[in-house]
Each structure stands twice: as C-alpha cells, then as structure tokens.
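Asker: Attaching a single structure in structure tokens format; questions to follow.
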Amino acid sequence: MGTDAADTRGNGWQDLIVTHLDFEQARLYRNLGDGSFEDATSDARLAYATFHLSGFGVKFLDYDNDGNRDLFMANGHILDNIQLFHAETRYAEPKAMFRNAGKGVFENVTGKLGPDLMAPRVSRGAAVADFDNDGDLDILVNNNGEAPQLLRNDGGNSNRWLEIHLIGVRSNRDAVGARVRVTAGDWATYDQRKGGMSYQSAHDPRLHFGLGNREHVDSVEVRWPSGSITRLGRLRSDQIITIKEGEGLVGRAFPKVQPR
C-alpha cells in the first residue's frame, strides 16, 4: 500500500520499500545500479519482522542521525474481524521502527523507543517532518476512528545533522526531482527531493541528513531538475540552510519550536 525510496547502503542508488498486508511482508528492493532491482527483504532482515504486519504509511528516515536511513512503518489491518481468519493477527497493530545497522541491514527497535509506538492502532497515513526545527525527525500518523498521533523525537543522542530547504527557479519551485549529495572527507550521503510517498501523505519538503559525529560537511552538491548544478563548500553541522537555484545560500530563519 505504501512506498518510499532512499539510499539505504550509502552507494548513491535509491532502494525501494513497498508495504503489504500481513502474510505478504513489506518488500525491500535493492537498486543494482544498472536499471534493475532485486528482492532483498530477507537479506535486510525485514521478512520475519513484517510478516504479521499490514503496512500503510512508510518512510526511510534517519531518526537517530547516525548517517544511515532507518525505516518507519504505520500499520493496521483492513478487516476489523481478521482474528476470525488469522488468530495471530489483529485489526489494531503497533507501529514499527527498524534501525539501519549499516549497509541496509535492519533491526527492529520499536520496543526501545517508547510506549506510543507499541500501542496498537489502526494506522494509515504517516508523514515525517522536523516540526520543531531541532534537528530530529518527528512523525505524524493518521489513525482510523481516533485522533492522529504526533510522535515527537527528542533525540537522546549527540549525533550531528544538516537540513536543506531547496527553492527552484528554472526548475519547479519545490525542487521536486532535485538530487543532493553531501560529503565529509571520504564519506558521502545522498537524497532526492520527492513530491509525495508513504501512503496518501506528504513529508517535510526539507531534506534531512544525519551526520553521525561529523561537526561539518566539506561539500553540498545540488543537481536541479533543470540540469543546473549548485555546489557549496564547507558548512557547519546542526543547522537548517536554504539553497536557491542560481543563487546558492540565501537567508531564511527556522526558529526552534518549544514544546508545551
């Protein structure tokens, strides 16, 4: 039902995730870089972990800012009497967070991230945004028959980050389709500006990069849909920047939002 794409292995190629009903597993397709994909669900250790889940909203995100794209799923069956057919399956299901341990191999860390992820809900759409501008990605989940949940990420680690807001000029204003490469030494990470993924959802338009313990990046390269390229040099971490096509860095304030 849901889908997303991201570079999960740090090789510059976007892999795909597609969520399904229970007993079908969420499928991870690795991009082989030659125009083809392979089903790597088992190799990524997602097969058993998603077997009993009916996934809808889904997003690759670096929730702990360690530089690896993790995976979030919002789950809930479509039949409120599913237990009559599958005794081990429930209508309301927990959400799931899978931490990328490196090279696109995931571990289920849902139980370590607080009771609100574990609480069963009939979840559908999921949107990811740094709504309080503190550098940690938060998650908004829409639930059937209940109020939506805003899951605020309070970090809990000292990892660094960089967020990039793109403004197209010759390209479309939202810069959908732009590709961004961030480097620090011999390390590089990639992302692409997308218009809408997940399940009937749209995310924060800013691109978020977890940097691990890197206090700065050496370069940022933006390849715009128009074909133009913007290159920036050394930048400090832990900030939100705005890049305008044809101009480079432009000033724009993103104040932190204090929780109430």
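Throughout, read-outs are computed from the coordinates displayed, never taken from laboratory work. Quick caveat, the model's predicted, so the values are computed rather than measured. Ideal geometry is used to build each Cβ from the backbone, glycine not excepted, and the neighbour counts take in all protein chains shown.
Asker: Of 156, 91, 118, which is farthest along the charge dipole of the stretch 53-169 in the positive direction, counting Lys and Arg as +1 and Asp and Glu as -1 at C-beta?
Answerer: Towards the positive end, the residue furthest out is 91.
Asker: Among 212, 246, 55, whose mean-square fluctuation peaks in a Gaussian network model of the chain (Cα, cutoff 10 Å)?
Answerer: 246
Asker: More than 36 Å apart: what percent of Cα pairs in the chain qualify? Can you show the working numbers first?
Answerer: Values: 4363 of 33670 pairs.
Of all Cα-Cα distances in the chain, 13 percent exceed 36 Å.
Asker: When the Kirkwood radius is taken over all Cα pairs of the stretch 160-250, what Stokes-Einstein diffusion coefficient follows at 4 °C and 1.567 mPa s, in µm²/s?
Answerer: 97 µm²/s
Asker: A further question follows. What ranking do 14-20, 227-233 get when scored by the average of other Cβ atoms within 10 Å per residue, highest first?
Answerer: Going by the mean number of other Cβ atoms within 10 Å, highest first, we get 14-20, 227-233.
Asker: If you don't mind, there's one more thing I want to ask. Taking neighbour counts of Cβ atoms within 10 Å as a proxy for exposure, in what order, fewest first, do 95, 112 appear? Please report the intermediate quantities before stating the final value.
Answerer: Values: 95 27, 112 11.
The most exposed by this proxy come first: 112, 95.
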